[in-house]
Amino acid sequence: MATDSNKSQSKKSAVQTTGHAWDGDIQEFNNPLPNWWVWAFYATIVFALIYWVFYPAWPIGRDYTKGVMNDIEYTTADGKQVKRHWNTRSLFEKNMREATLAQQKYLDQLASSSIEEIAKDEEKSNFAYSMAKVLFADNCAACHQAGGAGVIGSYPNLADDDWLWGGKFEQIKTSITGGRNGIMPSFQAKLTAAQLDDVAEFVLSLSKHETDAAKTARGKEIFTGQKGGCFYCHTKAGTGSTTSGAANLTDSVWTLANVPAADTLEAKKAAVKAVIKHGVNRKMPAWDKRLTETQIKILAFYVHQLGGGK
């Protein structure tokens, strides 16, 4: 009896086959799909049918089925009122137009506001900052880098609150509008190698580097005297001038000589001496022909914020 019962249970639990067999013992099982999977498949068919009715779907010759979705209406940039059947292209154009109109509202507010007013208004400043960030990336980052860090020897750092031409709103705006010419003459023909070495020694002493006292004294005489005439731009104290874009030599902020990267005093002096010897001739282009007045205004605000203001 027990044996018959075990055989009956074995038959009930055995997997069904389709009856197909290969090589005598390879069989094809008959495992039906789960009900939830079958109904999900049917649901996708129903969904497809509904989608074909509501949305553009089937090509018909040179045209296609339009669907029964409501038509899209919006005003184009040239003021024309258009009505188009629903599709993703029309929806995209409508959304872009609405975004442009919303943006224009803020641009009109920025155009009628001063930079100081923009800085004081949180909503205006947030919009100006986000828009100017894109303008900076498109027009300025190629030289000044994405975060405004610049490149020592080529392009000034805009993020360190040390401004060659002044860090006030209007000064920055003037720099962007008309561009800047950074020029320092070469002293290669005017000073001997020893004199160049002495001036470099004095320049390093201005930023608290330990230098040779005798060389520093000789360098100071050249720097502040008619032989070098460096004080005309950098002042006798070496603090520089925003009028001529002359660097402050006392603050340890280096835009041309890569002193921070030098390991020894001799290497630092060589970096400074190279600038004195060869001079400087770098130019920032004017942007008043490429950018609107409002764009320049918000760029000035953005650059001011990069440097922490002043």
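The values are calculated or read from the model by the stated rules, or taken from the named source; none is laboratory data. The model shown is predicted, which means the values in this text are computed figures rather than measured ones. Please note: Cβ atoms are built from the backbone with ideal geometry, for glycine as well, and neighbour counts cover all protein chains shown.
When the range 34-67 is filtered for residues that are aliphatic (A, V, I, L, M) and either assigned by TED's automatic domain parsing to the domain that holds residue 90 or not in a loop (DSSP other than H, G, I, E, B) (or both), the ones remaining, listed by number, are 38, 40, 43, 45, 46, 48, 49, 50, 53, 60. With a requirement of 1 or more residues that are among the charged types (D, E, K, R), the helices (runs of 4 or more DSSP H) lying completely within the range 192-276 that satisfy it span 193-206, 213-224.
Does the range 109-153 hold any residues that are of a type in the set (Asp, Glu), more than 20 Å from residue 163 (Cβ to Cβ) and in a helix (DSSP H, G or I), and which are they? Once the filter is applied, which keeps residues that are of a type in the set (Asp, Glu), more than 20 Å from residue 163 (Cβ to Cβ) and in a helix (DSSP H, G or I), the range 109-153 yields 117, 122, 123, 138. Based on this model, can you work out whether residue 166 counts as at pLDDT below 95, out of contact with any Leu (no Cβ under 9 Å at 6 or more places or on another chain), assigned to a loop (DSSP other than H, G, I, E, B) and surrounded by fewer than 18 Cβ atoms within 10 Å (Cβ to Cβ)? Yes, satisfied. If you check 105, 173, 94 for being among the basic types (Lys, Arg) and free of Cβ contacts under 8 Å to residues at least 12 places away in the same chain, only one passes: 105.
When the range 212-224 is filtered for residues that are farther than 19 Å from residue 187 by Cβ and either acidic (Asp, Glu) or crowded, with 19+ Cβ neighbours inside 10 Å (or both), only 212 remains.
Looking at 118, 176, 152, 222, which is the one that is β-branched (Val, Ile, Thr) and outside the structural domain of residue 295 (by TED's automatic domain parsing)? Residue meeting the stated conditions: 118. Residue 130 meets all of the listed conditions (1) farther than 20 Å from residue 290 by Cα; (2) under 18 Å from the mean Cα position of the chain (by Cα); (3) of a type in the set (Gly, Ala, Ser) but one, namely (1). Of the candidates 125, 113, the single residue that is in contact (Cβ under 8 Å) with a residue 40 or more places away in the chain and hydroxyl-bearing (Ser, Thr, Tyr) is 125.
Remark: pairs (first residue in the range 279-296, assigned by TED's automatic domain parsing to the domain that holds residue 139; second residue among the basic types (Lys, Arg) and surrounded by 12 or more Cβ atoms within 10 Å (Cβ to Cβ); Cβ separation under 8 Å; 6+ apart in sequence or on different chains) = 283/180; 284/180; 296/173. No other residue among 135, 191 is at pLDDT 90 or above, farther than 22 Å from residue 280 by Cα and of a type in the set (A, V, I, L, M, F, W, C) apart from 135.
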